[in-house]
Every structure is written in structure tokens, then in C-alpha cells.
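The values are calculated or read from the model by the stated rules, or taken from the named source; none is laboratory data. Fair warning: this is a prediction, and the values are worked out from it, not measured in the lab. Glycine gets a Cβ as well: all are built from the backbone with ideal geometry, and neighbour counts include every protein chain shown.
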Ligand code: ATP
């Protein structure tokens, strides 16, 4: 069974029912589609693609997927113009995904700043892009939250990714289609309550919840920018604004996400 807007809607909780649901067979990037429409959107929209052919990651990287083997979707969400602090949004979204998967009995870890891992390998990526929109009544900042979540990782896809990737093979088989629709609805329920809480309380409400799932807690890591090592140290956790706290030989520093990546030291 394919993704279906009706099935997703049927599993939404009241606090997420104001989100418009769109399912398309194929598109380049659900993030790009929604960003192009920001000026015309009346409220939150979830756009999911059965097949995403040009999925985006951070800093021009790609998110790869095969038709029907993953969930690839974006949620466009308006924040009031006074919402100045969106730096903590990617890790807050990571917490939302981890908590929803946890409710499904799937344990995951979080890799700073924006990945969800399973047994050390990447299961889901998060890419958040923002845009401002002005209407006669108000100005809003829109976040377009793009998520790619592997269900199966067939050999051809694994080859193309070139790095170990994780999936959710327990959702395959009989009733897989139904489970995909239910999981997408559950993720949207979790995201909607996260975004409401984030708007009220900022990332502070999520820091502890992130730290309990920190994939690299106490481990020696490098922070890399365009192939260059910027910092090395022991990852001690995330702070109340979403920065990574790193214990270096020069003392503790707080690293801002920007475009940097984290690598565990061998
Ligand atoms: P890094 O993981 O290096 O810190 P990042 O978190 O910035 O990078 P993203 O922008 O979230 O990475 O995702 C893009 C990267 O994810 C790609 O460069 C590729 O290595 C990896 N990738 C792409 N598709 C998949 C997939 N389906 N499953 C797992 N990993 C993938």
C-alpha cells in the first residue's frame, strides 16, 4: 500500500489536525517544493513523496533514497516573527523523531547536530531551511523541516551512500504500507507537539531529552568543516541553546552547528 493522505489524516491527533497533508508520487525535493510556495501557504503543510529524486542534505550534500523504501517528507511550519532563536530546532526535531520511534519500540541515538542513528549508523537525516513571509496581517518565519528516514536499505542504495546506513526492517513485510502511513502520522503528531513546545520554551525544554540519547557522550570526536579539523575533544553533551559542549585540552568550548560535521575518533 502506498502513502495516502486519508490514512495519515485518520491517525492524526487533535493538535496536529490543522496540518494540511499532501502526498505526491515523485518530486525532486519536498523541501524545495515547499520553500518555493512559502508566500502562498496559509498554515502548516506536510508534503511527502513516494519517490524523492534530488533529496538535499546540509551544505549541498545529497539525501539518497529508493521509491517506497523510506519516508521522505517535509513539514512547513510558521513561527511568529519574534521567534529569533531557531538554532536549536534541528536537535529538537531529532528529539521528536527519537521519542516517536521509542514509542514504537525502536531505540535510536542522536548525533550532533542533526542525525538520528541506530546502532551507530545513520537512520534519518534532518535538513531545516528557513524563509520569511509577509502578509497584510503579520510577518512570519517559516521553517521547512525536511526528513529522510530509511525503512529498507537495498544493496544498490547502500552502495551509492558509501557509508553504513541503518533501516527499520521490522516495518517491512505484511502490512508494510499501512505501517508506513501510521508511522508518518505518528512522526507528525510528535513533530507538532515538539514545535508547539519549542515555540513556547525554546531548545531548553529539549536539552536533557537530547543528552539522554547522545550517541557520542564521553567519546573523543573531531569537528570538521570542509574536510578540515576545527576542534578535537571529548563530547560532553548539548547545551540549552543547541551547541555541542566539547572538552578540549584548552578547556570546554561550545560549538555552533553551522555547516560543521562531527566524526568519532578511531
Ligand atoms: P554528516 O553525517 O557527515 O555529519 P550531515 O549530518 O551534515 O553530515 P546530512 O546533510 O544530514 O549530513 O545528510 C547528507 C549525508 O548523509 C550524505 O552526505 C551521505 O553521506 C548521507 N546519506 C545520504 N543518504 C542517506 C541515507 N539514505 N541513509 C543514510 N545516510 C545517507
Query raised in the report: Somewhere in segment 129-147, is a residue part of a loop (DSSP other than H, G, I, E, B) and within 25 Å of residue 243 (Cα to Cα)?
Result: no
Query raised in the report: What number goes with the only condition from (1) part of a loop (DSSP other than H, G, I, E, B); (2) over 19 Å from residue 44 (Cα atoms); (3) more than 10 Å from the ligand (Cβ to nearest atom) that residue 159 does not pass?
Result: (1)
Requested in this report: Test residue 181 against the criterion of being closer than 29 Å to residue 69 by Cα, in contact (Cβ under 8 Å) with a residue 12 or more places away in the chain and more than 16 Å from the ligand (Cβ to nearest atom), and give yes or no.
Outcome: yes
Query raised in the report: Looking at residue 147, is it within 12 Å of the ligand (Cβ to nearest atom), in the same structural domain as residue 37 (by TED's automatic domain parsing), at pLDDT 95 or above and in contact with a helix residue (DSSP H, G or I) (Cβ under 6 Å, 6 or more places away or on another chain)?
Result: no
Query raised in the report: Does residue 125 meet the test of being near the ligand (Cβ under 7 Å from one of its atoms), buried (at least 16 other Cβ atoms within 10 Å of the Cβ) and assigned to a strand (DSSP E or B)?
Result: yes
Query raised in the report: What number of residues within segment 146-171 are surrounded by 14 or more Cβ atoms within 10 Å (Cβ to Cβ) and free of Cβ contacts under 8 Å to residues at least 40 places away in the same chain?
Result: 2
Query raised in the report: Can you pull out the helices (runs of 4 or more DSSP H) entirely within segment 1-120 that have at least 3 residues that are within 16 Å of the ligand (Cβ to nearest atom) and either in the same structural domain as residue 175 (by TED's automatic domain parsing) or at pLDDT below 95 (or both)?
Result: 30-35, 89-103
